[in-house]
Amino acid sequence: MAARSALSFLSIWSYPFTEYKPEEKQLDSVTLDDDVNMTGSQIAKFSYKDTEQAVESWTDMYARILRILHTEDSSVLTGLAYTSDSSIELAIHVASNPEEFNNKVQIAPNVYVWTGTSTQHKLNTLRRFFALFGADPADLVFYLKDQDEATSTEDSPERYEIRKKYWTFALPYIQEKFGEGATFSNVNPSISNWISGFFGIGGFNVTCTANYDCARVQFYLGKSDREKNKEAFDYLYKHKAEIEEKLGEQIKWERADDYKASYMTYELAGVSVTNETDWIRMAKFHAEWSKKFCDTMIPILKEIYPNIST
């Protein structure tokens with residue numbers, strides 16, 4: 001019996017260690033429909049219907065979800081932005097003039113949403129927005145960071161200030177590259193690590209990102225309907241060789257599998273938004289590559305979306 005036990009023990013450990021794969025860490029999750037106070041918690045990502053996106057903060061999530069809702073029905077936020085009826089409660093959160101709010105994000109041209117509120121206030125407001133859109137709050141799932149992983153600097157004023165200073169510096173480069181009245185003409189400096197320019201297809205945009213370790217440009221296909229994202233991605237991917245030849249570089253292609261939006265990415269490594277000596281390189285990179293992406297990919301998308309207006 002002892003011999004058999006010893007053999008059994010040896011057989012257990014006879015498998016090569018390289019075969020072992022630790023189970024992927026599962027994040028705690030709650031939905032917008034749950035009656036849970038999120039004060040003090042930090043978000044890693046969210047999923048909504050067939051879209052899953054990593055985010056940097058609750059403010060980032062708030063903006064991205066409202067953009068998704070706006071692509072589904074642009075009348076709701078546009079109506080709130082232009083209403084003169086002060087009795088409409090949510091009207092105080094939306095404006096057509098960016099000067100009305102000190103802290104805001106741009107959802108679409110001439111549509112700005114106030115973000116100078118606490119995390120819990122944003123979630124309470126988002127529930128009311130969901131009701132206006134006729135959306136189900138149970139469809140929006142938040143995945144939370146562990147306390148050990150979270151840092152207290154996520155929503156720090158210093159980080160916001162750095163980002164806004166960078167976008168104030170970089171936007172003139174980007175806007176000059178595109179020209180007056182074009183993709184980024186209505187974009188204002190942001191406290192987020194990204195800004196997006198729109199070109200006439202709901203849910204699609206070109207996004208510039210300024211991180212602590214890189215700068216990035218993405219041609220983003222993020223409709224709420226994942227199949228439409230795949231369709232547009234696949235159509236562009238047929239022209240991959242042509243696109244990369246025109247760009248002069250290979251880019252990263254990410255298809256909308258596993259509940260992700262589709263996007264194409266090019267990155268400038270070795271720079272940081274915290275280092276002002278990098279800002280000229282980053283701004284020129286954002287201007288050059290966002291324009292390259294649009295000039296190269298939009299003409300191809302026009303073959304399946306003939307009414308694009310840039």
*Which GluC sites (Glu not before Pro) in the range 222-275 pass both tests, a DSSP loop state and at most 12 other beta-carbon atoms within 10 Å?*
E249
*For labels at K240 and N37 in the simple 7 Å Cα→Cβ model, what's the distance in nm?*
5.1 nm
*Note down the nm distance, to one decimal, between modelled labels 7 Å out along Cα→Cβ at K145 and at T277.*
2.8 nm
*By how many nm would the segment from E89 to K252 lengthen if fully extended, with 0.36 nm per residue of separation less the alpha-carbon distance?*
54.3 nm
*T183 long-range amide H proximity, modeled H, under 5 Å*: none
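Read-outs throughout are calculated quantities, based only on the coordinates presented, and are distinct from any laboratory measurement. This one's a predicted model, so the numbers in the text were calculated from it and none came from an experiment. Ideal geometry is used to build each Cβ from the backbone, glycine not excepted, and the neighbour counts take in all protein chains shown.
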